[in-house]
Amino acid sequence: MKVSDNGKGFVVLNSLDLYTSGNRLGIVNMRELALSLQGTLTIDSKPGMGTEVTCSVPTSPVAVE
C-alpha cells in the first residue's frame, strides 16, 4: 500500500523518536503494526515537499477446510 500527498512534509526521524515527537504516536504505531505482521513501513518526507508512506506486508494462501 502506498499513500502520498503534496502537503507540508516533515522530518521523519523526529517523528519516529518518542521523546521528541510530542507524544504523536501515529507513525510509531504504524511502524510497529507493520513489523508485527512481518512487513515494512517506509516513509519519505521532506519539509515543504510532501510525504510518501509505503507499507508492505507479506501474504500467504489461506487454507480452506
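Residues in the range 33-61 that are surrounded by 12 or more Cβ atoms within 10 Å (Cβ to Cβ) and at positive phi: 1 in all. Between 23, 14, the distinction of being loosely packed, with under 10 Cβ neighbours inside 10 Å and either at pLDDT below 95 or among the aliphatic types (A, V, I, L, M) (or both) belongs to 23 only.
The values are calculated or read from the model by the stated rules, or taken from the named source; none is laboratory data. Note that the structure is a prediction, hence the values are computed from the model and not measured. Quick reminder, even Gly has a Cβ in these numbers, built from the backbone with ideal geometry, and neighbours come from all protein chains shown.
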